[in-house]
1. Per residue of the range 9-24, in order, report the coupling 6.51 cos²θ - 1.76 cosθ + 1.60 (Karplus, θ = phi - 60°) as ³J(HN,Hα) in whole Hz, putting x for Gly and Pro.
2. Ranked highest first by the average count of other Cβ atoms within 10 Å around their residues, in what order do 73-82, 93-102 fall?
3. Could you list, in their original order, any pairs among K89/K150; K8/K92; K47/K125 whose Cα atoms are separated by more than 25 Å?
4. How big is the range 2-138 in terms of Cα radius of gyration and Dmax, in angstroms?
5. FRET efficiency for E109 and N15, Cβ-Cβ distance as r, R0 = 22 Å, nearest 0.05?
6. Applying the Karplus parametrisation 6.51 cos²θ - 1.76 cosθ + 1.60 with θ = phi - 60° to the phi angles of the range 88-98, what ³J(HN,Hα) value in whole Hz is obtained for each residue in order, glycine and proline being reported as x?
7. Which of the chymotrypsin sites (Phe, Trp or Tyr not before Pro) found in the range 18-93 are loop residues per DSSP with 15 or fewer other Cβ atoms within 10 Å of their Cβ?
8. Relative to a virtual label point 7 Å from the Cα of R50 in the Cα→beta-carbon direction, which members of the range 80-109 show backbone nitrogen distances below 17 Å?
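Where a number appears in this text, it was derived from the coordinates with a stated rule and is not lab data. The structure displayed is predicted, hence computed values, not measured ones. Please note: Cβ atoms are built from the backbone with ideal geometry, for glycine as well, and neighbour counts cover all protein chains shown.
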Amino acid sequence: MQQMVLDKWQEKIINTGGSCLFEPNNETDDIGFIFAFQTVEQKELIKSSRVLCLDGTHGMNYHGYHLFTLVIRHSITGNGYPIAFLISKFKKTITLKKWFSFLKQEHKEWSPDIFMVDDAGEEIKAVEESFPDSSVFLCHFHVLRFWRRKLHHKHEGNIDEYKETIWNDLWKLMKTEGWNDIEAQEQITNIINK
């Protein structure tokens, strides 16, 4: 029953000019269930997309499936706009690479410059392996959450007297442009070790 519904959905997407990749249960390479799609409008917008956000929503139904969305900043509205979706059984690098490969086949000239991702290793690895010329950045929320956890752990939660200074310095670090990774890492380490 579920496959019949998804077959019809795939047919409708394709018949209206969109694209769809549907594999009900790919056991040969351990990818599992995947349903990836783009509407005709999304296919048009991806052509000029250079900066993308990859967002993963995990455990979205009672089967524990995952929803991945590629989002751009819309050139007219200035708001986030989804340009591709993936529903999958697994949150694996190989699954995401299959999706990216499908998108690259559909859009041969597509070459994003930057991916903003959550702090998820499989997402980062999939982007780096699929788009080796693209840069990968973590979103601010995940960077701040990481720093907060490190500060709390390093100082056993006892940072109250330094909290304002530390957070001001970390915000300055986050907003600074043009550093190389080694310099930024040294600065962050020095602040945390104060």
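1. Ordered by residue, 3J(HN,Hα) equals 5, 4, 4, 5, 4, 5, 5, 9, x, x, 9, 8, 10, 10, 10, x Hz.
2. In descending order of packing, they fall as 93-102, 73-82.
3. Beyond 25 Å: K89/K150; K8/K92.
4. Using the Cα atoms of the range 2-138, the pair Rg, Dmax is 14.4, 43 Å.
5. 0.35
6. Taking θ as phi minus 60°, the curve returns 9, 6, 10, 10, 10, 4, 4, 5, 5, 5, 4 Hz for the range 88-98.
7. Y62
8. Counting backbone N atoms under 17 Å from the label point, the list is 109.
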